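Read through the structure below, which is laid out as structure tokens, and then see the notes.
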Amino acid sequence: MLNFSRRAFLSRSAKLSGGTLFNLAVNPISGMQKGRQSRSLAQIVKDCYTAYGSLDVERVLTFYAEDCLFEDHTFHFSLRGKDELRKMFNRNRPLILELQFDISNLIVSGNWVVTQHTQSGLTKNPNAPDTAPKKYSVQGAAILEFAHGSIVRQTDYYDVITFNKQVGHNP
């Protein structure tokens, strides 16, 4: 697994997200000065990723605000609110047999958390449900905004080309 310095991670993430991380790069210490809040937001994200691994939709949803915004620029969708998230998770849940997140970098600044991680798992191909499930492991990044300890906005980016090759999707 690749490990990048904080500076390299911010630089690469800023390019990936089209500058969304500019504020974090300019003022990376602001969240760290709050100490307790930074550690608690980092722990919330770690707990959220663990919940994803449990494949328990309702457990995952406890980390999100009712009116949250979930954007996935890799698969080109945007969802607003827990009800839309629940529908998406429940629709995809039968395809996902295993799921794990390994965080390689996590940065907290104010009410923002940025992660660089590897998502791996075992999934069925929705276009060929009778074929054997495939293992995958892809690099990703997430930008999360918090309010009152809940995720109010999450933007995800993944290496979709590698994902499609590993699971046999032909986009």
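Where a number appears in this text, it was derived from the coordinates with a stated rule and is not lab data. These figures come from a predicted structure and were not determined experimentally. Positions of Cβ are backbone-derived with ideal geometry, glycine not excepted, and every protein chain shown enters the neighbour counts.
For a test of the definition: using alpha carbon positions, the gyration tensor, and the 1.5 limit on a/c, classify the range 41-100 as rounded, prolate or oblate. Cα axes put the range 41-100 in the rounded bin.
If you take the Cα centroid of the range 129-154 and the Cα centroid of the range 75-113, the two points sit 4 Å apart. Neighbours of GLY121 by Cβ distance under 13 Å: Lys/Arg scored +1, Asp/Glu scored -1, total +2.
Is the range 68-113 rounded, prolate or oblate when judged by the Cα gyration tensor, a ≥ b ≥ c being the square roots of its eigenvalues, rounded requiring a/c under 1.5 and prolate requiring a/b larger than b/c? Mind dumping the intermediate values first?
Values: a/c = 2.21, a/b = 1.31, b/c = 1.69.
Oblate, since a/c reaches 1.5 and b/c is not below a/b.
Of LYS82/LYS165; LYS82/LYS135; LYS87/LYS135; LYS87/LYS134, which sit over 26 Å apart, Cα to Cα? Checking Cα-Cα distances, LYS82/LYS165; LYS82/LYS135 exceed 26 Å. Sketch the reach of a paramagnetic label on HIS76 as a point 7 Å from Cα along Cα-to-Cβ, and name the residues of the range 112-155 whose backbone nitrogen lies under 15 Å away. Flagged as within label range: none.
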